[in-house]
1. Kindly sort A:31, B:160, B:101 by accessible area of their heavy atoms, largest first, with the probe set to 1.4 Å.
2. Considering the zone a paramagnetic label at residue A:46 would reach in this model (a point 7 Å from Cα along the Cα-to-Cβ line), which residues of the range A:77-112 have amide N under 17 Å from it?
3. I'd like the accessible area for residue B:149: 1.4 Å probe, protein heavy atoms, all chains in place, Å² to the nearest 10.
4. Could you report the accessible area of residue A:78 in Å², rounded to 10, computed with a 1.4 Å probe on the protein chains as they sit in the structure?
5. I'd like the mean, over residues of B:98-105, of how many other protein chain beta carbons sit within 10 Å of each residue's own Cβ.
6. Between B:27, B:105, B:114, where does the largest GNM mean-square fluctuation fall for chain B, given springs only between Cα atoms within less than 10 Å?
7. What does the structure give for A:89-96 when I average, per residue, the other chain Cβ atoms found within 10 Å of the residue Cβ?
8. Could you run the Debye sum over the Cα atoms of chain A, one equal point scatterer each and no solvent, and tell me log10 of I(q)/I(0) at q = 0.19 Å⁻¹, two decimals?
Amino acid sequence: MKGTVLVVDDSAMMRKVVLRVLKMADVEFESVLEACDGNEALALLRTNQVALIMCDINMPIMSGLQLLQQIKDEKLAVGVPIVMVTTENSEPQVRQAILAGARGYIRKPFTVEHIKNNVKPLLAS
Amino acid sequence: MSITSVKPKAYRADEFLSSHNLDRADATVTEIFNLMFGFEIKVIESAADGEIQAECDERTAVVGFSGAMRGSCQIRTTTCAARSIASAMLGGIPIDAEDDSTNDALGELCNMLAGGWKNGVPELSSECALSPPTVIAGRSYKVHVSKPSVNFSRAYRFNSHTLFLTLYREESSLFRA
C-alpha cells in the first residue's frame, strides 16, 4: 500500500500499537493520520485522501459505528477499506459493523497474523 | 401507538459466581498476555505470593459494565508492572515513569480483559456494554464500591510482577428478583 493510513482510537497507546503491528505485518504506508474519535476522523477525511482506515468502536463523542454511518457522505472516503479493531466481537456487533460498511473486523488482542489475514487482502483487492 | 423497550435479561449472581467465569477470566488474561505482550502469566493460588510491595506506587484501572449486568472489571498492579506492560505493548521501548503511556496501557489492558471476559459469557456478549477505562494512581488509596455487590478475584504473576483482577457484579433494584 502506498498512501496514508488513518488510525481512529481514543487510546493513544492503541493507535501506536496498531501502527506498530501494521508495520510488522509489512503493510507499508507513506504517512499516518491519527484521530481520537469519530468527529476528528471525519474532519481529517474531509481534507485528506487515505488508503486505509483502522477504527475502534468504543470511543467518546462519536463511536466507530456512528463514524461508519457518517463516512458514507465523505467523497474522499468512498471505496476506502475500513477495518474495525475492537474488544467487542459479539455476532450482532460484527454484523452491524459490516452492514454499516466495515470491510474487516479484528478483535483485540490481535497479532501480526491477524493483520496479515484481515488487512492485507483488502489492500490487494 | 405504544412503544415498548426490551430490557436485557439480568445476569444472576449465582451465574456470575460460577467456576466457568473464573476459568474465562484466567483464559482471557492468558490470551492477552501471551498475544499482546509475549509474557508468560500464571495464576497465584496463595494470596501472600501476590502481595504488592509496599514501597511501590500502585495503579488501578476500572472498566464499568452496564446492560444485562452492572458492575466493573478492576485490575491493580504496581507502577513498575504497568510500565513493563506499556513497554511490551510498544515493542519493548523504555517508558519513563511519568509517561502517560503507562496509564493508557493499563486502561487498555483493563478494557481488553473486561471485553474478552464478557464476550465469553453468552448471556452478556451482546447484552452488556463497557465504559471507557479510568486509571487511578498513588499510594494507600481504596477503590470503594458503593452498591451492594458480589465479586471474585484472581491474582496472577508475570515477569516477577503481580496483577490482581477483580470482577464485580452490582446488586441493582432494577434486577432484584
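1. B:160, A:31, B:101
2. A:77-78
3. Roll a 1.4 Å probe over it and residue B:149 shows about 40 Å².
4. 110 Å²
5. Shielding by partners across B:98-105 averages 3.
6. Greatest mean-square fluctuation among the candidates belongs to B:27.
7. Working: counts 5, 9, 2, 3, 3, 1, 1, 1.
Shielding by partners across A:89-96 averages 3.
8. Per q value, in the given order, log10 I(q)/I(0) is -1.01.
The values are calculated or read from the model by the stated rules, or taken from the named source; none is laboratory data. The model shown is predicted, which means the values in this text are computed figures rather than measured ones. For neighbour counting, all protein chains shown are included, and Cβ atoms are generated from backbone atoms with ideal geometry for every residue, glycine included. Heads up: the accessible areas ignore ligands, DNA and RNA and are worked out on the full protein's heavy atoms, side chains in. Shrake-Rupley method; radii C 1.70, N 1.55, O 1.52, S 1.80 Å.
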